[in-house]
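Reviewing the structure listed below.
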Amino acid sequence: MSGMNLYDVVLYTFTVIALCTMPYLFRITAPYGRHSRGGFGPRLDSTLGWVLMEAPASLVPLALFLLADGEHRRSPVVLTFLALWQLHYFHRAFIFPFRRRGGAPMPLLIPLTGILFNLGNTYLNWHYLLTLRPPYPPGWFTDPRFLLGAAVFLGGFAINQHSDFILLHLRRPGETGYKIPYGGLYRLVSCPNYLGELLEWVGWAILTWSLPGAVFALWTAANLVPRAVAHHRDYKRRFRDYPPERRALIPLVL
């Protein structure tokens, strides 16, 4: 099995698993962060876990780009795609983990599954962009799909970063425990950081106009929608005065 045959198998397998993941995660919340609990095997430092989990998604595309043919490496559109991808994943792998304050150890299972996902997702997106698809022409920069997708991606990134900033500064140095976040889109939803990330990869699917991009957006929803609902439920359980007008993820909807 090679070439497109292998690629198709991975793509279809990823799609089916994503469709099964969302209902599963509505039943069993992934055991890290505020939902950390025992019974899931060996554990490791959460900062190390985040780096191990996210680093492949930053480093592997760089390696694939350097190994690609010269036509793809010289494509300004492909370079822009790589810059947008790294805007998220370099930060997620090598900056965000070290900005966090504390954090319960996470089960080793979490970074292992994260590594597997990131390797598969990176292969699907970047093998398509660098090998299967001819280089996008420079005129793609003015295509409505690129313009809309880039706007959605960058808007989502800004929402994600601002929401994370609020969370990271919610507690003073030395403080522990959870607090109710306020400001920004926290006025409307419990997890605007997740909303921002979901918008990023919906934007990616649009600006690349690709099936692997759409599968990535599906995976992001499968992972983050149940987790946002679980966070929302946890906030309401912890705080009797939690703002009743807030939704979990999508203002006025969910």
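Values in this text are rule-based calculations from the coordinates and carry no lab data. The shown structure was predicted, so the numbers you read here are calculated from the model rather than taken from an experiment. Reconstructed Cβ throughout: ideal geometry from the backbone, glycine too, with neighbour counts over all protein chains shown.
Only residues that are of a type in the set (Val, Ile, Thr), assigned to a helix (DSSP H, G or I) and farther than 19 Å from His35 by Cβ were counted in region 197-254, giving 4. Looking at the structure I just gave you, is Leu167 out of contact with any helix residue (DSSP H, G or I) (no Cβ under 8 Å at 6 or more places or on another chain) and surrounded by fewer than 22 Cβ atoms within 10 Å (Cβ to Cβ)? So Leu167 does not fit the description; no. Filtered by the rule that a residue be surrounded by fewer than 19 Cβ atoms within 10 Å (Cβ to Cβ) and among the aliphatic types (A, V, I, L, M), region 85-136 gives Leu87, Ile95, Ala104, Leu108, Leu109, Leu112, Ile115, Leu116, Leu119, Leu132.
Contact map, region 222-234: residues that are in contact (Cβ under 8 Å) with a residue 40 or more places away in the chain paired with residues that are surrounded by 21 or more Cβ atoms within 10 Å (Cβ to Cβ) and aromatic (Phe, Trp, Tyr), Cβ distance under 7 Å, separation 6+ or inter-chain. Pairs shown: Arg227/Tyr194. When you look at Phe141, is it surrounded by fewer than 16 Cβ atoms within 10 Å (Cβ to Cβ), in a helix (DSSP H, G or I) and either charged (D, E, K, R) or more than 22 Å from the chain's Cα centre (by Cα) (or both), yes or no? Judged against the criteria, Phe141 is a match.
Of the helices (runs of 4 or more DSSP H) that lie entirely inside region 1-109, those containing 3 or more residues that are touching a residue at least 12 places away in the same chain (Cβ under 8 Å) and β-branched (Val, Ile, Thr) span 3-27, 46-67, 76-94. Close Cβ contacts (under 7 Å, 6 or more residues apart or on different chains) running from residues in region 144-160 that are among the polar types (S, T, N, Q) to residues that are crowded, with 19+ Cβ neighbours inside 10 Å comprise Asn160/Asn193; Asn160/Gly196; Asn160/Glu197; Asn160/Glu200.
For Trp50, the conditions (1) closer than 21 Å to Tyr136 by Cβ; (2) touching a Pro at 6+ places or on another chain (Cβ under 7 Å); (3) not aliphatic (A, V, I, L, M) all hold with the exception of (1).
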